[in-house]
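One structure is given below, encoded as structure tokens.
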Amino acid sequence: MLTVTNLSVSYGAINAVDGVSFAVPAGAIVTLIGGNGAGKTTTLRALSGLLRARGGSVTFDSADITRLPPHEIVACGLGHVPEGRMIFANLTVDENLAMGAYLQRDRQRIAESRDYVFGIFPRLAERLRQSAGTLSGGEQQMLAIGRALMGRPKFLMLDEPSLGLAPRLVGTIFDQIQEINRSHGLTILLVEQNARLALEVSSHAHVLETGRIVISGPSTELRTDPRLKTAYLG
Amino acid sequence: MTEFLQQLVNGLSLGAIYALIALGYTMVYGVLRFINFAHSEVFMVGAMIAWKLGQYLPNGTLWGGLVVLAAAMAGCAVLGVTIERLVYRPLRGTATLNVLITAIGVSLLLQSVFQHPRVFGATPQLFPAVFPSKNFTFGGLAISSNQLVVITVAALLIVVLQLVIFRTRMGRAMRAVALNPSAAQLVGVNLNAVISFTFALGSALAGAGGVLYALNYPSVEPLMGVMPGLKAFVAAVLGGIGSIPGAALGGLILGTIETLVGGSATLSTYKDAIAFAVLIFILLCRPTGLLGRAATEKV
């Protein structure tokens, strides 16, 4: 569904992502793991067009999206839940979800999407009129995912959904991520620092180190890979 | 008392003009986080367009005045969008200071171009009475039709602006960009379109401000934007930069204070000093301005 070939992204003279290639097949959950500054977030931001690739290409549904601006990439069906959640803090939960459906014109479909999101995160339905900035960290993460789902993506990128959340909430969020993948066949690219968790839910994983993919393979194999054990699985 | 009310009316009409210009500063700041110092020259160009067109239209008619006003607004919208497209957009992503200095450059460029004798020249020219002019008296209050035009047009434009921002799709996109440009793009907002639209809207308001200002102080010249532009910038900061109701409120407060002080025999020489002293005092008490909000981020 998504094919990344030789992608490079740089900030000035620094190559944050240096010739990364991987593919995400339709219906799968694929994860990118790695430490701080490995280039995970940069890769996602380049895929959704927020950063410009210096080299390489990105194909989505057999269309080249490498040079498209972000709003056109979103329109292709690629959703992105950014690092730090980036909800619209001054808007209510309801308005945040409405913003998520910015490109959707069909009211009927938007209403369906809302019901779908409330089915996954009932907590959001209880908080509709509340200003999003006053939500707890976990609720904000739910809202960020809900907002992305309102755009009816075919492919969803999640950047560190577990960051800063209480362990119990992390479990809830990851259960729902798997549920979204199973029930709707939504393809997911997950970026995580918590490698153990990421390897549990994904089918394939790629390990990034200083902008390069150093290890790739099925998640079941990587779970016992000695190279990961010391550095990422503790 | 009558004297006070009279100055209040004068102050409101001046403040309404400041408010119109201040809205442009604050909207551009909202989406791009930078101060467009060329905005005061857009205001000047608005007055110039009206001055030129006023020579070909019959003066003293309501339709003629409205045509002039609409033309100045349209011309300024095009000018604002063009400046952004040609000058600010290539610099986007570079240090804010670079863009600020470039904005000052654009401002000086426009002033100099209009000072060229072939374009306009340095001598002030009389602004034609494009709207019908009459004086009304209510009790002891003297109100000119021009003041009524200023207050009515400014109030209407501010209401329309509110509707655009809170009731239209583009308005929603603008608010989203102001809150978080990356997140806005990730829900499908076209950033460049929003920025162009913001410049068009802000510049059209400045153009209207230019026409209304020239109506009340009936002369035009290339440097006429400098002082009102600075005052409007102060008004925007006073109200809380980035806040639209704040800009409107700041404009009205500043215009009223300036006129009230200017109307007093002993203090009139100090009217600008007092206006700026008020700014300093308000910012000392409320660093984010009257209606500004401090940005807080939850991690």
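Got a sec? What order do B:Tyr25, B:Tyr217 fall in by accessible area at 1.4 Å, biggest, i.e. largest, first? Walk me through the intermediate numbers first.
On the way: B:Tyr25 5, B:Tyr217 105 Å².
I get B:Tyr217, B:Tyr25, largest accessible area first.
So what's Rg/Rh here for the protein assembly as shown, counting alpha carbon atoms and using the Kirkwood radius for Rh? The partial results should precede the final answer.
Working: Rg = 27.8 Å, Rh = 25.8 Å.
Radius of gyration relative to Kirkwood radius: 1.08.
Which value, in debye to the nearest 20, describes the size of the charge dipole of the protein assembly as shown about its Cα centre when Lys and Arg Cβ atoms bear +1, Asp and Glu Cβ atoms bear -1, and nothing else is charged?
Charge dipole, the protein assembly as shown, about its Cα centre: 240 debye, nearest 20.
Considering only the other residues whose Cβ falls under 13 Å of the Cβ of B:Phe127, what net charge follows from Lys and Arg at +1 and Asp and Glu at -1?
My count for the surroundings of B:Phe127 gives 0.
B:Ser264 to A:Leu128: FRET efficiency via 1/(1 + (r/R0)^6), r the Cβ-Cβ distance, R0 56 Å, to the nearest 0.05?
Values: r = 53 Å, r/R0 = 0.95.
So the FRET efficiency works out to roughly 0.55.
Return the lysines within reach of A:Lys40: Cα separation strictly under 20 angstrom, same-chain partners fewer than 8 residues apart disregarded; answer none if there are no such residues.
Cα-Cα hits under 20 Å: A:Lys229.
Which FRET efficiency, nearest 0.05, do B:Val226 and B:Leu8 yield, Cβ-Cβ r, R0 30 Å? Please list the in-between numbers first.
Values: r = 26 Å, r/R0 = 0.87.
The calculated FRET efficiency here is 0.70.
Report the gain in length on full extension from B:Phe166 to B:Lys134: 0.36 nm times residue separation, minus Cα-Cα distance, nm rounded to one decimal.
Working: separation 32, 0.36 × 32 = 11.52 nm, distance 3.65 nm.
Between B:Phe166 and B:Lys134, full extension yields an extra 7.9 nm.
Please give the FRET efficiency for A:Glu200 paired with B:Leu283, using the beta carbon to beta carbon distance and R0 = 51 Å, rounded to the nearest 0.05. Please list the in-between numbers first.
On the way: r = 53 Å, r/R0 = 1.05.
The formula returns an efficiency of 0.45 here.
Rolling a 1.4 angstrom probe over the protein chains, ignoring ligands and nucleic acids, what is the accessible area of A:Met150 in square angstrom, nearest 10?
0
Ranked by accessible surface with a 1.4 Å probe, highest first, in what order do B:Tyr18, B:Tyr213 come?
Working: B:Tyr18 5, B:Tyr213 45 Å².
Order by accessible area, largest first: B:Tyr213, B:Tyr18.
Determine the relative contact order of segment B:92-172: mean sequence separation of Cα pairs under 8 Å and six or more apart, normalised by residue count, in whole percent. Please list the in-between numbers first.
On the way: 31 pairs, mean separation 8.6, N = 81.
Over segment B:92-172, the number comes to 11 percent.
Mean separation of Cα pairs under 8 Å and 6+ residues apart, divided by the residue count of segment B:183-282: what relative contact order is that in percent? Please report the intermediate quantities before stating the final value.
Working: 55 pairs, mean separation 13.7, N = 100.
Relative contact order for segment B:183-282 comes out at 14 percent.
Taking every alpha carbon pair in chain B, what does the distance histogram look like in 5 angstrom bins from 0, in percent?
1, 6, 11, 16, 18, 17, 14, 9, 5, 2, 1, 0, 0
How far is it, in nm, from the label point at A:Asp175 to the one at A:Asp225 when both lie 7 Å from their Cα along the line to the Cβ?
Label-label distance for A:Asp175 and A:Asp225, simple model: 3.0 nm.
Quick one: grab the alpha carbon gyration tensor of segment B:1-115, order the square roots of its eigenvalues as a ≥ b ≥ c, and give me rounded if a/c is under 1.5, else prolate or oblate depending on whether a/b is larger than b/c.
Details: a/c = 2.50, a/b = 1.45, b/c = 1.73.
Note, shape of segment B:1-115 comes out oblate.
Any idea how far the Cα center of segment B:136-174 sits from the one of segment B:34-89, in Å?
With segment B:136-174 and segment B:34-89 each reduced to a Cα centre, they are spaced 17 Å.
Please give, to one decimal in nm, the separation of the simple spin-label points placed at A:Leu163 and B:Asn216, each 7 Å out from Cα toward the Cβ.
5.0
Modelling each spin label as a point 7 Å along the Cα-to-Cβ direction, I'd like the B:Arg293/A:Asp94 distance in nm, to one decimal.
1.7
Among B:Arg286, B:Arg167, what's the order by accessible area (1.4 angstrom probe), most exposed first? Spell out each step's value before the answer.
Values: B:Arg286 105, B:Arg167 185 Å².
Output order, biggest surface exposure first: B:Arg167, B:Arg286.
Quick check: from the Cα gyration tensor, does segment B:114-236 come out rounded (a/c under 1.5), prolate or oblate? Mind showing how you got there, number by number?
Working: a/c = 3.02, a/b = 1.61, b/c = 1.88.
Oblate is the answer for segment B:114-236, as a/c is 1.5 or above yet b/c matches or exceeds a/b.
What is chain B's relative contact order, in percent, from Cα pairs under 8 angstrom and six or more apart in sequence? Provide the component values of the computation, followed by the final result.
On the way: 500 pairs, mean separation 107.3, N = 299.
Here the relative contact order equals 36 percent.
In units of 2.2 N^0.38 Å, what is the alpha-carbon radius of gyration of segment A:178-228?
On the way: Rg = 11.7 Å, N = 51, 2.2 N^0.38 = 9.8 Å.
Ratio of Cα Rg to 2.2 N^0.38 Å: 1.19.
Quote the accessible area belonging to B:Tyr270 in square angstrom, nearest 10, computed with a 1.4 Å probe and with ligands, DNA and RNA left uncounted.
130
Shape call for segment A:108-163 from the C-alpha gyration tensor, a ≥ b ≥ c root eigenvalues: rounded (a/c under 1.5), prolate (a/b greater than b/c) or oblate? Walk me through the intermediate numbers first.
Details: a/c = 2.17, a/b = 1.12, b/c = 1.94.
Verdict is oblate for segment A:108-163.
The values are calculated or read from the model by the stated rules, or taken from the named source; none is laboratory data. Note that the structure is a prediction, hence the values are computed from the model and not measured. Glycine gets a Cβ as well: all are built from the backbone with ideal geometry, and neighbour counts include every protein chain shown. SASA here: full protein model, heavy atoms, side chains in, ligands and nucleic acids out. Shrake-Rupley method; radii C 1.70, N 1.55, O 1.52, S 1.80 Å.
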